[in-house]
Amino acid sequence: MSRVEIRFAGFGGQGIGLMGRLVGEAVSLLEEGKNSVMTQSYGPESRGGASSTDVVIEEGEIDYPKATELDYFVALSEEAYQKYIPKLKEGGILFVEEDLVTLDENAKKAKKIFKIPATKIAESLGSRLYANIAMLGFVCANTKGIFSEEAMITIMKEKIKARFVEKNLIAFQKGMEYKSDS
Amino acid sequence: MSKQKQEFLEVRTGEHFTTGNHAAAEGALSVGCKFFGGYPITPSSEIAETMALRLPQLGGNFVQFEDEIASIVGILGASWGGVKSMTATSGPGYSLMVENIGLGMMTETPCVIINVQRGGPSTGLPTLVGQQDIMQTKWGAHGDFEPIVLCPNSVQECFELAIEAFNYAEKFRLPVTLLMDEVLGHMSERLIIPDASKITKIERKKPKDSPENHLPYKPDENLVPPMAVAGEGYRVMMTGLTHDERGYPDLNPETQDKQVRRINDKIRLNKKDIIRVEEYMLDDAEYAIISFGSVARAAKGTVNRARKKGIKVGLLRLITIWPFPDERIEALAKQVKKIYVPEINYGQITREVERSVHGKTEVKGIFKLGGAIHNPQEILKEIEGDA
């Protein structure tokens, strides 16, 4: 597997950083032969501001730790979509929270667009806080071979606070099973 | 091992996915650091945070001082109390510390300072990367001294060089700087912490003579004096003034010459054992990149991309930036047509490279002034323009 770059982006409070951390950690610690580097946008922002995290995955040594041309872009807010869609490479793959992002002509360069109402799915489980994990399940199911379901489940059980684990695992499963209509 | 049990271990053996800041703190703990004195500052704060949590678990002490001046003096004192001590800061804090780094050089006090660089001057870019403190770590304090400064380029190396920094500090009796940057401090990747038995720990030499005859600044053959700890019965003397072997102020040109020459020479004469570089694809290189810190990751990316296009580029990565590897660079200058120096400042290492090549090849700096690291393509473009 050659270098793959993924960016998760939304607003502060959606758990964007956690998405990157879970994927990065699952790959680095549980997937034989693969390396990952996770970086986060870091600034004086707080809840409500733009937030993004990049994960670079590669078999073999990762030289440059930051994303340059995104193979995958996962947008959980309109602001994040607008800000980062130019970074998606021609023929890249786009994931969006369909109720929070309005696609425009910039999305045309994507080879495939996967849409999911992640927040609604999360709300059906009792809290919109699970939206990030529902989205992760959806991404996992539709990016075969980059990070595995088993590794993600193991890492979630380890990293997420015990009382939230069960709901997050359900959210992940619902994301995995969701079929995008386009 | 369960996570709970691991919390109380000095060495958290195993695989982790963590940041450079956390890794550096774990490195310090692994080599036996037992005192942290500091004042939190972005982008280094996670180091203080980790030490505040971990040191009390390990029988050590954490003090958040009123400022960076007190912090550096605190760790000098802790070192004389017999424990391995450190602080962590960023440019603005390092600026406040330099006077007493000089005191540490003059009193030959082992300790470690981590500087996680951000953009400067002044408060500059608190949350974004810089590499602008290169010359400050060399010339910051007044007077003549030879510092040791180490520059990691991965999370793993933040851990390993934190250990090495303490080992150099103990071996040569001086404050050692681990010079990181914001990108390294905050990025996460795999860290493998080896078994405790695999970690090399160097401890300062203790005096072998009797307390009555002990001269606290009488050096051994390697020019480093053994160090007694306050409270062990030996006379302990500390002064920033020029002092004789007894540690008494002795303010004349002869004593000054002897003392200051020695604290410089203990590093100069051991330079070969201290200097470390990584060479990558240099054997047949026609062009070379000299780089350090997080930017060296981009530089390696440039080499990999250039090689795919058939351009013979290699990388010399500086792991110790002080002492500077003059001889290696001069040899490289005879081999390559041009040396490129990408750095996040306006030409600090570039100037040292220009000095070291003695006109034998062309040197080109590729500068960013702070806030972002180069990407491999940008550096490649410069080389392609010449190749």
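FYI, it's all coordinate maths here, none of it is from the lab. Source: prediction; values computed, not measured. Cβ atoms come from the backbone with ideal geometry, glycine included; neighbour counts cover every protein chain shown.
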**Item:** Computed FRET value (nearest 0.05) for A:Ala162 with B:Val229, which takes r as the C-beta separation and R₀ as 41 Å
**Value:** 0.35
**Message:** Could you work out [θ]222 nm for chain A from helices alone, using -39500 (n - 2.57) per DSSP H run of at least four and dividing by all its residues? Round to the nearest 500 deg cm²/dmol.
**Reply:** -11500 deg cm²/dmol
**Asked** In degrees from 0 to 90, rounded to the nearest 10, what is the angle of the helix B:155-172 Cα long axis to the longest principal axis of chain B?
**Response** 40
**Prompt:** Once every DSSP H run of n ≥ 4 in chain B is given -39500 (n - 2.57) and the sum is divided by its residues, what mean residue ellipticity at 222 nm do you get, rounded to the nearest 500 deg cm²/dmol?
**Reply:** -11500 deg cm²/dmol
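Using Cα pairs closer than 8 Å and at least 6 residues apart in sequence, work out the relative contact order for the range B:3-198, in percent. Don't skip to the answer; put the middle values down first.
Working: 439 pairs, mean separation 59.3, N = 196.
This gives 30 percent for the range B:3-198.
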**Message:** Give the aspartates and glutamates reachable from A:Lys174 as a straight Cα distance under 19 Å; neighbours fewer than 8 places away on the same chain don't count.
**Reply:** A:Glu97, A:Glu98, A:Asp99, A:Glu123, A:Glu149, A:Glu150, A:Glu166
**Prompt:** So for the pair B:Phe367, B:Glu49, with labels modelled 7 Å out along Cα→Cβ, what separation do we get in nm?
**Reply:** 3.4
**Neighbour-count ranking [beta-carbon atoms within 10 angstrom, fewest first] of B:Phe324, B:Phe17, B:Phe159** = B:Phe324, B:Phe17, B:Phe159
**Request:** May I ask which residue of A:Ser36, A:Ala75, A:Thr119 lies farthest towards the positive end of the charge dipole of chain A, with charges of +1 (Lys, Arg) and -1 (Asp, Glu) on Cβ and the Cα centre as origin?
**Result:** A:Thr119
**Fill in**
Once A:Glu69 and A:Lys112 are pulled to full extension, the length gained, defined as 0.36 nm per residue separation minus their Cα-Cα distance, is 13.9 nm
**Alpha-carbon centroid distance for the pair the range B:252-280 / the range A:1-79, whole angstrom** = 44
**Asked** Quick one: putting +1 on the C-beta of Lys and Arg, -1 on the C-beta of Asp and Glu, what dipole do you get for the protein assembly as shown around its Cα centre, in Debye to the nearest 20?
**Response** 640
**Fill in**
quick note, chain B, DSSP beta bridge pairs, % antiparallel (nearest 5) is 30
**Request:** Return one quarter of the surface area of the convex hull spanned by the alpha-carbon atoms of chain A, equal to its mean projected area, in nm².
**Result:** 9.7
**the range B:1-96: GluC sites (Glu not before Pro) in DSSP loop, at most 16 other beta carbons within 10 Å** = B:Glu7, B:Glu66
**Complete:** Of the candidates B:Ile202, B:Ile163, B:Ile134, the farthest towards the positive dipole end of the range B:125-226 (Lys/Arg Cβ +1, Asp/Glu Cβ -1, centred on the Cα centre) is B:Ile202
**Asked** Relative to the Cα centre, what is the charge dipole magnitude of the range B:278-386, using +1 at the beta carbon of each Lys and Arg, -1 at the beta carbon of each Asp and Glu, and rounding to the nearest 20 debye?
**Response** 340
**Message:** Under the √(5λ) rule applied to the eigenvalues of the Cα gyration tensor, what semi-axes describe the equivalent ellipsoid of chain B? Give them in Å, descending.
**Reply:** 35, 26, 18
**Prompt:** What's log10 of I(q)/I(0) for the protein assembly as shown at q = 0.09 Å⁻¹, Debye sum over Cα points only, no solvent?
**Reply:** -0.73
**Item:** Residue-averaged beta-carbon neighbours from other chains (10 angstrom radius) around A:57-68
**Value:** 6
**Prompt:** What FRET efficiency, computed as 1/(1 + (r/R0)^6) with R0 = 25 Å and r the Cβ-Cβ distance, is obtained for B:Asp265 and B:Trp139, rounded to the nearest 0.05?
**Reply:** 0.85
**Fill in**
Taking the reciprocal of mean 1/r across every pair of different Cα atoms in the range A:1-84, the Kirkwood radius in Å is 12.9
**Asked** Which of the lysines could a cross-linker bridge to B:Lys208, judged by Cα under 21 Å and excluding same-chain residues fewer than eight apart?
**Response** B:Lys84, B:Lys171, B:Lys218, B:Lys266
**Over the range A:135-182, relative contact order from alpha-carbon pairs under 8 Å, at least 6 apart, %** = 59
**Item:** Segment B:Gln256-B:Ile202, length gained on full extension (0.36 nm per residue, minus Cα span)
**Value:** 16.5 nm
**Message:** Taking the alpha-carbon distance from B:Lys337 and a cut-off under 28 Å, which lysines remain once sequence neighbours fewer than 8 residues away in the same chain are dropped?
**Reply:** B:Lys271, B:Lys272, B:Lys300, B:Lys308, B:Lys309, B:Lys312, B:Lys360, B:Lys364, B:Lys368, B:Lys381
**Prompt:** Looking at the range B:3-198, what % of its DSSP beta bridges pair antiparallel, to the nearest 5?
**Reply:** 30
**Message:** How would A:Met135, B:Met237, A:Met1, B:Met106 line up from fewest to most surrounding beta-carbon atoms within 10 angstrom?
**Reply:** A:Met1, B:Met237, B:Met106, A:Met135
**Message:** To check you understand DSSP bridge types, tell me what percent of the beta bridges within the range A:4-177 (both residues inside) are antiparallel, rounded to 5.
**Reply:** 50
**Dipole of the range B:3-198 [Lys/Arg +1, Asp/Glu -1 at C-beta], most positive-end residue of B:Ser188, B:Ser122, B:Thr50** = B:Thr50
**Request:** Please arrange B:Ser79, B:Ser30, B:Ser291, A:Ser180 by counting, for each residue, the other beta carbons lying within 10 Å of its beta carbon, fewest first.
**Result:** A:Ser180, B:Ser30, B:Ser79, B:Ser291
**Asked** Can you work out D for the range B:3-198 in µm² s⁻¹ from Stokes-Einstein, where Rh is the Kirkwood radius over C-alpha pairs, the temperature is 37 °C and the viscosity is 0.692 mPa s?
**Response** 204
**Prompt:** Under the definition of Cα pairs under 8 Å and six or more residues apart, what whole-number percent is the relative contact order of chain B?
**Reply:** 16
